[in-house]
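Chemist: Sharing a structure with you now.
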Amino acid sequence: MSEAGTLRIISGVGAKGPACFLLEAQGKRLMLDLGYGPQPGLWPNVDDVGRVDALLLTHSHKDHIGGLSLLPKIGNPPIFATEITAKRLPAGTEVHPLPMKGRGDVLGIPVDTGRNGHAPGGIWMRFHAGTGLLYTGDYSTESALYAFDPLPKSRTVVFDCSYGEDDTPLAERLKILAPHLAGDVLLPAPADGRGPDIALHLYRAGKAIRFDDATRAAVRDLTGAARGYLRDEVEADLAKLADAALPPGEPSGATFATPADGSGGATAKLFEQWENKAQPAIVFTGYIPPGTPADRLVKSGRAKFLRWNVHPRLSDNIAQLRATGAATVIPAFCDSKLLPALQAALAPANVTMDKVLTLV
Ligand SMILES: [Zn+2]
């Protein structure tokens, strides 16, 4: 088979870090995501990348879009993203639209997209370079809120391996979380991700919900005109939740606040009020970047970390990757130490963390 292109890993493979990949195909150089973090100060190194023809963004989380200040280093290329992701970019960012589900066009190169079940407006992307390159970005099959379109056929897949070998289903996580969420609780969580998902779950279970302004705005936005990225029959409950939720005040019920790491905003204010008191419980449900207030509270024992799944567990990846028929798969956003275990779990696919890959 002849060469159909090259994939270069700039950042995001071998360790948890910002997403940034470069696809060279059909005479074009396409950058896939340009993140920052999630650990403070972690930037992708684009110094030697040179000029890029377009930047494509999977979703609006910081570790996928936070590196936009680096754009001048790669020639200020045009940006492609879904309309919903575009709205979450810094004001004034000019964006060319990609569909949430369907076929888009990037400088004459067709790209198929589907909903990633992970964030508002979030997508996976499949390119027709040779027999196909699929980049999942972040994805989840388990959200009750965000719709997920199964991964399409593709020979090569860069996939979300944020949870590594973890295979605990969300149903099991809910059992572990239940006693910690039973009383009054502060849940710092992203408004454009698991915050509304957890809130909907607790609301349906009859719990009183409180939202900071950002979470309230995100839920209102979710309940607006049909957005096309929610699961069926979610909107009615979400609208009721948006009406019922109170602002933060007394530490009663479940209070949702942003940002998840407590580095500012409503979360930082609530930490000031509550961290030296016994109540409410404080529960973090996602990745905790080292050196953040969230990290400090968990280490001191004042807060707990109990995961709520927003990425695929190992069984999800095995099933989804098998359905793609992929011959070569690249685990992203996990440690290189996991490579032998992933090779065993995903055989007979070739599992690699090589920095440069020739596509056929
Ligand atoms: Zn994400």
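Chemist: Looking at this structure, is Y163 within 17 Å of the chain's Cα centre (by Cα), in contact (Cβ under 8 Å) with a residue 40 or more places away in the chain and surrounded by fewer than 22 Cβ atoms within 10 Å (Cβ to Cβ)? It would help to see each step written out before you state the result.
Modeler: Numbers: within 17 Å of the chain's Cα centre (by Cα): yes; in contact (Cβ under 8 Å) with a residue 40 or more places away in the chain: yes; surrounded by fewer than 22 Cβ atoms within 10 Å (Cβ to Cβ): yes.
Yes: the conditions hold for Y163.
Chemist: Right, another one. Taking region 177-207 on its own, how many of its residues are among the small types (G, A, S) and either in contact with a helix residue (DSSP H, G or I) (Cβ under 8 Å, 6 or more places away or on another chain) or assigned to a helix (DSSP H, G or I) (or both)?
Modeler: Result for region 177-207: 5.
Chemist: Hey, does region 116-131 have a residue that's part of a loop (DSSP other than H, G, I, E, B), farther than 27 Å from R8 by Cβ and in contact (Cβ under 8 Å) with a residue 40 or more places away in the chain?
Modeler: There is at least one residue in region 116-131 that is part of a loop (DSSP other than H, G, I, E, B), farther than 27 Å from R8 by Cβ and in contact (Cβ under 8 Å) with a residue 40 or more places away in the chain.
Chemist: Moving to a separate point now. Just the residues that are modelled with pLDDT of 95 or more and in contact with a strand residue (DSSP E or B) (Cβ under 6 Å, 6 or more places away or on another chain), please, taken from region 199-230.
Modeler: A199, L202, Y203, K207, I209, R210, F211, D212, T215
Chemist: Name the one entry in G121, G130 that is within 25 Å of L71 (Cβ to Cβ) and at pLDDT below 95. Full working, then the answer.
Modeler: Numbers: G130 fails: within 25 Å of L71 (Cβ to Cβ).
Within the list G121, G130, the selection yields G121.
Chemist: Quick one: which of L306, L338, L346 is in contact with a His (Cβ under 7 Å, 6 or more places away or on another chain) and at pLDDT 95 or above?
Modeler: It is L306.
Listed here are the residues, each with its yes/no results for (1) free of Cβ contacts under 8 Å to residues at least 40 places away in the same chain; (2) within 16 Å of the ligand (Cβ to nearest atom); (3) in contact with a Ser or Thr (Cβ under 8 Å, 6 or more places away or on another chain).
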residue: G17; (1), (2), (3): no, yes, yes
residue: L32; (1), (2), (3): no, yes, yes
residue: P44; (1), (2), (3): yes, yes, yes
residue: V52; (1), (2), (3): yes, no, no
residue: H61; (1), (2), (3): no, yes, no
residue: P72; (1), (2), (3): yes, no, no
residue: D105; (1), (2), (3): yes, no, no
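Chemist: To continue, here is another question. Scan region 85-102 and give yes if some residue there is touching a residue at least 24 places away in the same chain (Cβ under 8 Å), crowded, with 18+ Cβ neighbours inside 10 Å and in a strand (DSSP E or B), otherwise no.
Modeler: Within region 85-102, not a single residue is touching a residue at least 24 places away in the same chain (Cβ under 8 Å), crowded, with 18+ Cβ neighbours inside 10 Å and in a strand (DSSP E or B).
Chemist: The conditions are (1) in contact with a Gly (Cβ under 9 Å, 6 or more places away or on another chain); (2) surrounded by fewer than 21 Cβ atoms within 10 Å (Cβ to Cβ), and F256 fails exactly one of them. Which is it?
Modeler: (2)
The values are calculated or read from the model by the stated rules, or taken from the named source; none is laboratory data. Just so we're clear, the structure is a prediction, and the values are computed from it rather than from any experiment. Please note: Cβ atoms are built from the backbone with ideal geometry, for glycine as well, and neighbour counts cover all protein chains shown.
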